[in-house]
Structures are given as C-alpha cells and as structure tokens.
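Asks: Once you've had a glance at the structure underneath, I'll fire off some questions.
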Amino acid sequence: MDDTVIEFKDFGFQYFSQKEPTLHDINLKVHKGEKILIAGPSGSGKSTLGNCLNGLIPFAYKGEIKGSLKVDGIETKDASIFQLSQHVGTVLQDSDGQFIGLNVGEDIAFALENDNVPQGEMKERVHRIAEMVNMDSFLANNPHELSGGQKQRASLAGVMVGDAQILLFDEPLANLDPKTGKTAIELIDQIAATGKTVIIIEHRVEDVLWRKVDRIVLIDEGTVLADDTPDKVLASGILMEHGVREPLYLAACRYADVPVSEALHPESVDTLDMKTVSPYVQKWYSQNYVRSVAEEKKPLLTVDHISYSYDGVRPVLQDVNVVIHEGEMLSIVGKNGAGKTTLSSIICGFIKPDEGRILLNGEDLSKYTISERAQYVGIVMQNPNQMISKTMIFDEVAFGLRVRKMDEDTIKQKVYDVLKVCGLYEFRSWPISALSFGQRKRVTIASILVLNPKILILDEPTAGQDYRHYSEIMEFLKKLNENGQTIILITHDMHLMLEYTERAVVIADGKKVADEPAYQVLCDDALTERANLKETSLFDLAKKAQIDDPLKFVECFIHYDRSVRSHEA
C-alpha cells in the first residue's frame, strides 16, 4: 500500500515577477507520519516550496507551474486554497500575517468556528491546546501585542486545534528564546507522534535535531541537493557548503580532526560514538587551550537603576544596572517577555523609565528628544515590517541619509557598500514586497548600519538569516566593532552570543540575573533554566569526552573558532 501523502514530480515554479524559476526539477516524496526537516540558505526556495504545499502558490503568489505536485492525492494546481487548507495546516514565519481574531482565544478558535464545532467542545479544545503551548493565561490578549515568542506559540495553537493531517512549520524557531524553542520542537514532536505528517522549514538544524527527524532535505538554488537521514547528511559536510550551519558539537569534532562518518552517528551529541570521538577531542583541547586576557575599556553607556511598568502594576524592569563600555560588543539575553526589548526602547528614548537614568559619557540622555538621541543610538527592530516605510530597497536604505541632507553621489556609494555587506546588492533595484522575511530583515539592518551611529542596538539581528548571510552581517558588525563601534545585541541566538560577544547580560523576570563572560552563561544549569536559555552542546560534548574542565573547553573552542573565522575573512 502506497502511503505517500506529498509527491513532487519534475516540479517547477516561476514567479511572474521574476526572470528565472525559483524551483525547478523537484522530485520529492513524503510518506504519511514522516517528520521532515527542509533546510537551505535564504533565497534557496525552501519557503516557496512550503507555499506550494499549502496553496499560497499559485493562489496568493502568482506564477507558472511545471510538473506535478499532489497532496493527499490532490493535484494542487487544480485545487482551491480552502480545499488544501483542510489537508495542510501552516504556521507562518511571520506570525503577524496569520492573526485574524481580536484576542488569542478567538484566533485559536477560528478554524473550529469555520467548521461549526459546538461552542462547548470549541472552548474545551481551545483551552487544552492553549495549555499545551503555555498560552492559557493569554487567551484574552490582543495577539498583535504579544512578544515574538508568544505570537509564535499562539500561531502554533491555531494550527494544532484543527484536523489537518499534514502540518507545515515555516521557520518556527525564528522568534523564540532557546528554551521556548526547545519546547516548541518537543511540542512538534508530540504532534508528529500522533501520526500526523510534519514538515519543518528551518535553517537552525541543531535546534530542530533536539528531537529526531526522519530525513533532512537540503535545498539550494531551487533544487534538492540532499535527501537522506540526518546521520548521512551531517556526515557529508554538505550543509556548510551551502550556507547552513552545522551543529556546534560537530564543528568541534571537525576542528579536532575526528573522522566524521555516518557510523559516528552525528545526528546529536547524545548519539555520537564517544569511544571514537573522545581521544581526538582531548588531544585537540590539550594542544589549543590558552586563557584569554580581557582588555580594560572606558565606560560609555550607563543603565542606572532603571525600573519600568507598562500598566503601573506589573513591573517589566526592576532596578536594572548595566555599564556598557566604549568599543564593546555585548549580548543581552533572556526569555521572551523578560524585558530585553523594553530596555532597548528606554535606551533609545522611545519610552521613559519610571525610575533611573540612561547616561552617555556621564550625561543624562533624558534631556534629548528621540530624534536628537538617534544621533547617538541606532536600533534595528525585531520585526522588519515595523521599520520599512519605502517601496524600493535602495530608497529604504537611503532614507536616513537623505533626511540628513547628504548629497546623492555619496548616498549612492554608502548604500551600495552596505547592500554588498548585507548580501542585498543584486536586489538594489527591487521592490521590498518581492523579498522574503529574512531578506527584509537585512534591508532594515542595512538602513541603520548606513547611518553609523555611536551605539548600535540590534534586536534579533540574525532571525530568519541563513549561516552565510548571518556570517556576513556579523563579520561586518565585528569589523565595525573593531573600529570602535559600540554594539548591543538583543538575541535568542546562543551561537551568536558565543561566537561574537565576550560578555552577556542576562535578564529574567525584569531583573538582571547575570553579567559575565558569554561562554560561562551557557555552562550554568541554574542560570539557563531561570532565563529560558539552553546549555551549549559544546559543554555536553566536553563532559561526554571526559574533559577535566568543560567550561575551559567551551572557552577554548570559542577563541579557536574566532581565530579560524578571522583568518578566513
């Protein structure tokens, strides 16, 4: 009996607005109950592939289809989007585009209302699903006022409540803190265990592999380059060749010259053949460990006893004190809703604290207007749609320079330079509407980078970015930092924190709970639990390899990795 539920046969798709096909010669089968990870760099076609499955292509995004795509035996190009929605439930990468209800409860119930489910049963199902995703206390909230992670969980609940047997998750981890992301992967795994077919589109491979998947499908330039078990795909090294990050424990194994093969079971740090791995890792560590010495830097920005509450009742920030040094690049990390973004808004002057001051070189910034403060502090917001105001990419990036009355020749050169760094130069004449969510994110980063503010704050700078573009942006930020630019990164990306920042400030429940070297944060069980972070797999690898001091091993890897990347750059 054939249990194929999705079948691409010589499938291709070309948007009417583009000269070349985005997908071509796709041949892929997905069987009932399988759990598939589709990975690939930004612009590879993986999200387009997902939109073909759920009917957004060709009904919302117009173009030419070649070949065949069948979902549950239905030829998609002959079906309606409503018909396909009965078979494929989707959690979009951009949660804001998915909300319909006035509150979270209404939004979760939307599919049930369409199916005329009795009200008593509807309420029971909504509450049960909301509890599963930790959103039961937010059912009366406006979904657009939730944090990024809460929005993602509300979207997840809206799909889980329905009866679709195929579930598609497009970048489900993009806006989630590490622990919530871990929980999301566990929830998706529980859903898959009920017999539903699950497709995850995500480039954060290590995080998805927290729970087992049946296959990894690698897509680049619109074609399938790999379709095999996680062990085989990870062992091949093909992910890094195509701009998708390998798990950190695997990178450490490669640095240590471990003979990585399928037989090593590299799918996770827990499945690794440590009998083979340990001698290589121990030898590499003994040859490469050198303790680094931190250099003294002059204080630049002081967050002085800041407290804030949106409603005057529930404190979002409580007596937060942080000193940021000149030329420093540091991370601010913590769980969704902990107060990280609120702190950045106070630094920028968007909101005024209830108590405390923000000082720049000892000067109180409260006397400056928001526009005056923008000469010193630039911010790139988490959601690119909240920042974009122009139709064309060039005009969006040039906007701030034009406001400053710069001449057009200088503007053109500066815009082109920053577009090259952000991997957007080839799109310089494109409308922003033609870009993916990740590409729009890069446009907003470029629009602030081009202004060169004294302090640069980036709220989730790498969300939705593949490893290649992530590296380009971060290496550029690193060069800015080396030239004296002070940079604050608000991030859920623990790789970013480890690789690029020496120091991390941890916020949990509105309080500063740690301010220490970044690698130490992810080697502390109690701290990672309190702040919804996740221990790095490097720490697990070191413990399994019986390294005498796993913390020093993580420090060793970070400094070694930085030196390798600096040499390559």
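The values are calculated or read from the model by the stated rules, or taken from the named source; none is laboratory data. Computed from a predicted model, the values in this text were never measured in an experiment. No Cβ is skipped: glycine too gets one built from the backbone with ideal geometry, and neighbour counts run over all protein chains shown. Just the protein is used for accessible areas: all its heavy atoms, side chains included, with ligands, DNA and RNA removed. Shrake-Rupley method; radii C 1.70, N 1.55, O 1.52, S 1.80 Å.
Asks: Out of (1) of a type in the set (D, E, K, R); (2) open to solvent by 10 Å² or more (accessible area, probe 1.4 Å); (3) modelled with pLDDT under 90; (4) over 26 Å from GLU328 (Cβ atoms), the odd one out for ASP466 is which?
Replies: Of everything listed in (1) of a type in the set (D, E, K, R); (2) open to solvent by 10 Å² or more (accessible area, probe 1.4 Å); (3) modelled with pLDDT under 90; (4) over 26 Å from GLU328 (Cβ atoms), ASP466 misses just condition (2).
Asks: Can I ask one more? Does GLU145 qualify as being without any contact (Cβ under 8 Å) to a residue 12 or more places away in the chain and more than 30 Å from VAL281 (Cα to Cα)?
Replies: In short, yes.
Asks: For a quick check of your reading of the model, give me the residue pairs whose first member lies in segment 110-139 and is modelled with pLDDT of 85 or more, whose second is open to solvent by 80 Å² or more (accessible area, probe 1.4 Å), with beta-carbon atoms closer than 6 Å and at least 6 apart or on different chains.
Replies: Partner pairs satisfying both residue conditions: PHE110/ILE100.
Asks: Now a separate question. (1) open to solvent by less than 90 Å² (accessible area, probe 1.4 Å); (2) of a type outside the set (Asp, Glu); (3) in contact (Cβ under 8 Å) with a residue 40 or more places away in the chain; (4) under 30 Å from TYR15 (Cβ atoms): which one isn't true of TYR376, the others all being true?
Replies: Only one criterion is unmet by TYR376, namely (4).
Asks: Tell me yes or no: at least one residue of segment 446-464 is part of a helix (DSSP H, G or I), farther than 22 Å from VAL303 by Cα, within 14 Å of the chain's Cα centre (by Cα) and not hydrophobic (A, V, I, L, M, F, W, C). Reasoning before the result, please.
Replies: Kept after step one, since they are part of a helix (DSSP H, G or I), are these residues of segment 446-464: 446-449.
From what is left, the residues that are farther than 22 Å from VAL303 by Cα are 446-449.
Still in the running and within 14 Å of the chain's Cα centre (by Cα): none.
No: segment 446-464 contains no residue that is part of a helix (DSSP H, G or I), farther than 22 Å from VAL303 by Cα, within 14 Å of the chain's Cα centre (by Cα) and not hydrophobic (A, V, I, L, M, F, W, C).
Asks: Within segment 217-243, restricting attention to residues that are open to solvent by less than 10 Å² (accessible area, probe 1.4 Å) and outside any helix (DSSP H, G or I), which residue is nearest to PRO41 (Cα to Cα)?
Replies: GLY243
One line per residue, one yes/no per condition, for (1) part of a loop (DSSP other than H, G, I, E, B); (2) touching a helix residue (DSSP H, G or I) at 6+ places or on another chain (Cβ under 8 Å); (3) crowded, with 19+ Cβ neighbours inside 10 Å; (4) without any contact (Cβ under 8 Å) to a residue 60 or more places away in the chain:
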{"site": "ASP304", "(1), (2), (3), (4)": "no, no, no, yes"}
{"site": "VAL313", "(1), (2), (3), (4)": "yes, no, no, yes"}
{"site": "VAL316", "(1), (2), (3), (4)": "no, yes, yes, no"}
{"site": "SER331", "(1), (2), (3), (4)": "no, yes, yes, no"}
{"site": "LEU343", "(1), (2), (3), (4)": "no, no, yes, no"}
{"site": "GLU372", "(1), (2), (3), (4)": "no, no, no, yes"}
{"site": "SER389", "(1), (2), (3), (4)": "yes, yes, no, yes"}
{"site": "VAL397", "(1), (2), (3), (4)": "no, yes, yes, yes"}
{"site": "LYS405", "(1), (2), (3), (4)": "yes, no, no, yes"}
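Asks: Considering only segment 1-117, give the helices (runs of 4 or more DSSP H) lying wholly within it that have at least 1 residues that are closer than 30 Å to LEU234 by Cβ and either open to solvent by 20 Å² or more (accessible area, probe 1.4 Å) or among the basic types (Lys, Arg) (or both).
Replies: Hits in segment 1-117: 46-54.
Asks: I've got another one for you. Every residue in segment 345-358 that is open to solvent by 20 Å² or more (accessible area, probe 1.4 Å), out of contact with any His (no Cβ under 7 Å at 6 or more places or on another chain) and outside any loop (DSSP other than H, G, I, E, B), please.
Replies: Within segment 345-358, SER345, ARG357 meet the criteria.
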